[in-house]
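Right, one structure below, let's go through it.
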Amino acid sequence: VHDSQFLNDTWILGEEWEEYDSPLDPSPRWGHNFFYDTNQDRVVMFGGFDGVNLLNEMWVFVPEE
(Lines give C-alpha, C1' and ligand atoms only; values in the text may rest on other atoms or scores of the structure.)
Protein backbone atom coordinates (compact mmCIF):
# COMPACT_ATOMS: atom_id res chain seq x y z
CA VAL A 1 0.00 0.00 0.00
CA HIS A 2 1.41 3.34 -1.02
CA ASP A 3 -0.23 6.56 0.17
CA SER A 4 -3.45 4.59 0.83
CA GLN A 5 -3.66 3.58 -2.84
CA PHE A 6 -3.34 0.09 -4.25
CA LEU A 7 -0.81 -0.28 -7.06
CA ASN A 8 -0.68 -2.61 -10.05
CA ASP A 9 2.77 -1.88 -11.39
CA THR A 10 5.13 -4.65 -12.49
CA TRP A 11 8.92 -4.50 -12.30
CA ILE A 12 11.53 -6.78 -13.89
CA LEU A 13 15.09 -7.11 -12.62
CA GLY A 14 17.73 -7.36 -15.31
CA GLU A 15 20.91 -5.30 -15.06
CA GLU A 16 18.68 -2.80 -13.19
CA TRP A 17 15.04 -2.67 -12.10
CA GLU A 18 12.79 -1.69 -15.02
CA GLU A 19 9.06 -1.07 -14.94
CA TYR A 20 7.17 -3.40 -17.27
CA ASP A 21 4.21 -1.78 -19.02
CA SER A 22 1.40 -4.03 -20.21
CA PRO A 23 -2.21 -3.34 -21.23
CA LEU A 24 -3.25 -6.59 -19.50
CA ASP A 25 -2.34 -5.85 -15.89
CA PRO A 26 -4.40 -7.30 -13.05
CA SER A 27 -6.41 -4.82 -10.99
CA PRO A 28 -4.60 -2.99 -8.16
CA ARG A 29 -4.44 -5.06 -4.93
CA TRP A 30 -2.40 -6.06 -1.92
CA GLY A 31 -2.09 -9.23 0.12
CA HIS A 32 -1.69 -11.42 -2.95
CA ASN A 33 0.68 -14.37 -3.31
CA PHE A 34 3.23 -15.19 -6.00
CA PHE A 35 4.92 -18.42 -6.90
CA TYR A 36 7.18 -19.64 -9.67
CA ASP A 37 5.86 -22.61 -11.64
CA THR A 38 8.99 -24.52 -12.64
CA ASN A 39 7.04 -26.87 -14.94
CA GLN A 40 5.67 -24.00 -17.03
CA ASP A 41 8.56 -21.53 -16.41
CA ARG A 42 6.06 -18.85 -15.35
CA VAL A 43 5.36 -16.54 -12.41
CA VAL A 44 1.83 -16.93 -11.07
CA MET A 45 -0.12 -14.53 -8.83
CA PHE A 46 -3.17 -15.53 -6.81
CA GLY A 47 -5.77 -13.58 -4.84
CA GLY A 48 -5.38 -10.35 -2.94
CA PHE A 49 -7.59 -7.60 -1.58
CA ASP A 50 -8.70 -4.56 -3.60
CA GLY A 51 -9.91 -2.48 -0.66
CA VAL A 52 -13.44 -3.90 -0.86
CA ASN A 53 -13.29 -7.50 -2.06
CA LEU A 54 -11.15 -10.54 -1.41
CA LEU A 55 -10.03 -11.60 -4.87
CA ASN A 56 -10.13 -15.24 -5.91
CA GLU A 57 -8.36 -15.09 -9.25
CA MET A 58 -5.10 -16.26 -10.74
CA TRP A 59 -2.83 -14.35 -13.12
CA VAL A 60 0.14 -15.69 -15.07
CA PHE A 61 2.94 -13.30 -15.96
CA VAL A 62 4.13 -13.87 -19.54
CA PRO A 63 6.41 -11.04 -20.68
CA GLU A 64 6.52 -10.21 -24.37
CA GLU A 65 9.76 -11.27 -25.99
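The values are calculated or read from the model by the stated rules, or taken from the named source; none is laboratory data. Predicted, not measured: the structure shown is a model, and the values here were computed from it. Using ideal geometry, Cβ is built from the backbone for each residue, glycine included, and neighbour counts are taken over all protein chains shown. Protein only, heavy atoms only, side chains kept; ligands, DNA and RNA dropped before computing areas. Shrake-Rupley method; radii C 1.70, N 1.55, O 1.52, S 1.80 Å.
Of note:
- Selection of region 50-62 for residues being loosely packed, with under 14 Cβ neighbours inside 10 Å and either within 12 Å of the chain's Cα centre (by Cα) or part of a strand (DSSP E or B) (or both) yields Leu54, Glu57, Met58, Val60, Val62.
- Of all residues in region 48-65, those that are under 21 Å from Trp11 (Cβ atoms) have Cβ atoms under 9 Å from Cβ atoms of residues that are charged (D, E, K, R) and crowded, with 16+ Cβ neighbours inside 10 Å, 6 or more apart or on another chain, in Gly48/Arg29; Phe49/Arg29; Asp50/Arg29; Leu55/Arg29.
- Qualifying positions in region 22-49 - of a type in the set (A, V, I, L, M, F, W, C) and either under 11 Å from the mean Cα position of the chain (by Cα) or at pLDDT below 90 (or both): Leu24, Trp30, Phe34, Phe35, Val43, Val44, Met45, Phe46
- Flag for Val44 being surrounded by fewer than 11 Cβ atoms within 10 Å (Cβ to Cβ) and among the aliphatic types (A, V, I, L, M): no
- Count of residues meeting criterion [touching a residue at least 24 places away in the same chain (Cβ under 8 Å) and either in contact with a strand residue (DSSP E or B) (Cβ under 8 Å, 6 or more places away or on another chain) or open to solvent by 100 Å² or more (accessible area, probe 1.4 Å) (or both)] in region 23-39: 3
- With respect to the stated conditions, Asn56 is among the polar types (S, T, N, Q) and in contact with a Gly (Cβ under 8 Å, 6 or more places away or on another chain).
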